[in-house]
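*Asks:* Here you go, one structure.
The values are calculated or read from the model by the stated rules, or taken from the named source; none is laboratory data. Remember, predicted model here, so these are calculated numbers, not experimental data. Cβ coordinates were reconstructed from backbone atoms using ideal geometry, including for glycine residues, and neighbour counts include every protein chain displayed.
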Amino acid sequence: MNFKYNIVINFFIVIICIFSFFQDTFSMFLLNHCKHPPCESPNDFEIIQMRNRLNTMPAKKVLKKYSLISSIYYKKDNERLGKCGNWAFQTIIQADSLNISTTDDWIYFFKTNHHYFKQTKKPKSNGLAIYSSGIDSQIKHFGIITHTNHIKSKWGGCDYIFEHYPFHVPHVYGNFLYFFTLTKKYRKNSKILLRNIKRDINNSYHISQRFLYHHQVLLALANGKYKELLNREKNLDHNYQICTHIQNYLKTKDIYLIINELLTSAPWININTRIKKTGETLLMLAAQRGDFKMVKLFVQYNAHINAVDNNNLTAAIKAYNNGYLDIASYLTLL
């Protein structure tokens with residue numbers, strides 16, 4: 001690994017460690033900032049049993065077994081909805097793109113910018129539902145309140161958006177539920193809401209650095225430097241979703257699975273991100289190394305096939321120059 005690459009990775013290790021400190025500081029946020037007590041999951045044996053089953057039950061089986069849980073949306077091919085936080089905040093904000101990565105970052109944003117919302121004693125239509133654990137009051141899940149006081153939410157990486165009763169959710173999302181709504185100022189003016197949220201996200205050092213880090217991880221993986229990167233990931237904050245995905249790779253050794261998870265968990269990460277010095281995209285890096293499976297994965301996520309690097313070379317030309325004629329032919333025929 002070259003010296004510059006070492007510097008970049010060490011820098012981001014420091015960033016994640018700093019964020020870990022702030023995460024501990026904010027762990028009691030809901031208890032400290034909410035004037036209304038949360039709703040608590042019913043102490044009902046059937047509901048407890050159902051919630052425990054939902055922890056591991058496949059989505060299709062959930063819909064078949066529990067008639068009170070319905071699907072209101074199924075993601076399109078290659079659509080990137082992210083996880084619960086990405087989907088919930090996108091539903092409220094209606095932004096085309098924001099420089100923010102995963103649900104972890106939305107949790108951080110909510111805690112540091114809670115002036116956009118006010119807590120309500122009862123659920124309000126189109127408000128934000130926040131699930132939390134009982135011991136430390138950590139945020140576990142986000143949803144959107146419907147006009148019938150049901151909740152719409154995305155469960156992890158599942159392809160469905162569910163509508164359900166408040167506590168017809170996996171038990172891992174916690175036993176407490178808080179209700180929030182946008183403040184009057186932002187309910188009345190969506191343009192100001194979007195403008196100010198974009199500003200606050202871009203001004204957040206932690207969110208911006210983690211957004212950059214997410215891109216750097218993908219570039220390293222596409223460039224075949226994942227072994228060196230993964231060795232260093234062991235020292236990072238494993239509560240951060242990217243690090244969780246990296247740890248999953250260490251168990252499965254499936255590099256394509258981890259890239260897929262990195263892309264699906266962060267819908268606004270740019271599939272056409274580049275190495276600044278060379279102008280090479282993820283697709284170019286995979287193509288010039290002859291990794292056909294990775295090339296197909298990036299194409300599946302709508303990578304720009306005809307993008308050129310700083311030397312005016314496309315991914316197909318780079319593959320051809322390195323002797324990977326099958327990849328060059330595949331990209332040329334698309």
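*Asks:* Scan region 40-49 and tell me whether some residue there is buried (at least 20 other Cβ atoms within 10 Å of the Cβ) and either within 30 Å of residue 259 (Cβ to Cβ) or in contact with an Asp or Glu (Cβ under 7 Å, 6 or more places away or on another chain) (or both).
*Replies:* no
*Asks:* Okay, moving on. For residue 328, are the conditions met, namely being surrounded by 19 or more Cβ atoms within 10 Å (Cβ to Cβ), farther than 21 Å from residue 225 by Cα and either among the acidic types (Asp, Glu) or touching a residue at least 12 places away in the same chain (Cβ under 8 Å) (or both)?
*Replies:* Judged against the criteria, residue 328 is a match.
*Asks:* Right, another one. Please identify the pairs in which a residue from region 165-185 that is within 21 Å of residue 68 (Cα to Cα) has its Cβ atom under 6 Å from the Cβ atom of a residue that is part of a helix (DSSP H, G or I), counting only partners at least 6 apart or on another chain.
*Replies:* 170/54; 171/51; 171/52
*Asks:* From the list 105, 96, which one is assigned by TED's automatic domain parsing to the domain that holds residue 182, at pLDDT below 90 and either out of contact with any strand residue (DSSP E or B) (no Cβ under 9 Å at 6 or more places or on another chain) or more than 18 Å from residue 145 (Cα to Cα) (or both)?
*Replies:* The match here is 96.
*Asks:* Counting just the residues of region 83-113 that are in a helix (DSSP H, G or I) and charged (D, E, K, R), which one comes out nearest to residue 202 (Cα to Cα)?
*Replies:* 105
*Asks:* Look at region 56-73 and say how many of its residues are touching a residue at least 24 places away in the same chain (Cβ under 8 Å) and over 12 Å from residue 158 (Cα atoms).
*Replies:* 6
*Asks:* Right, another one. Pairs only if they're at least six apart or on different chains, beta carbon under 7 angstrom, first in region 282-299 and assigned by TED's automatic domain parsing to the domain that holds residue 321, second of a type in the set (Asp, Glu); list them, first residue then second.
*Replies:* That search, which allows pairs on different chains as well, returns 284/309; 292/326.
*Asks:* Which residue out of 187, 210 is within 20 Å of the chain's Cα centre (by Cα) and of a type in the set (Lys, Arg)?
*Replies:* Every option except 210 fails the conditions.
*Asks:* Show the residue pairs meeting these rules: Cβ distance below 9 Å; 6+ apart or different chains; first residue within region 91-110 and free of Cβ contacts under 8 Å to residues at least 24 places away in the same chain; second residue crowded, with 22+ Cβ neighbours inside 10 Å.
*Replies:* Pairs found: none.
*Asks:* Do any helices (runs of 4 or more DSSP H) entirely within region 114-225 hold 1 or more residues that are touching a Ser or Thr at 6+ places or on another chain (Cβ under 9 Å), exposed (fewer than 15 other Cβ atoms within 10 Å of the Cβ) and not charged (D, E, K, R), and if so, which?
*Replies:* Fully inside region 114-225 and qualifying: 190-203.
*Asks:* Would you call residue 308 under 23 Å from the mean Cα position of the chain (by Cα) and without any contact (Cβ under 8 Å) to a residue 40 or more places away in the chain? Give the steps one after another, and end with the answer.
*Replies:* Working: under 23 Å from the mean Cα position of the chain (by Cα): no; without any contact (Cβ under 8 Å) to a residue 40 or more places away in the chain: yes.
For residue 308, the condition - under 23 Å from the mean Cα position of the chain (by Cα) and without any contact (Cβ under 8 Å) to a residue 40 or more places away in the chain - is not met.
*Asks:* All but one of (1) at pLDDT 80 or above; (2) within 21 Å of the chain's Cα centre (by Cα); (3) of a type outside the set (Lys, Arg) hold for residue 236; which doesn't?
*Replies:* Failing condition for residue 236: (1).
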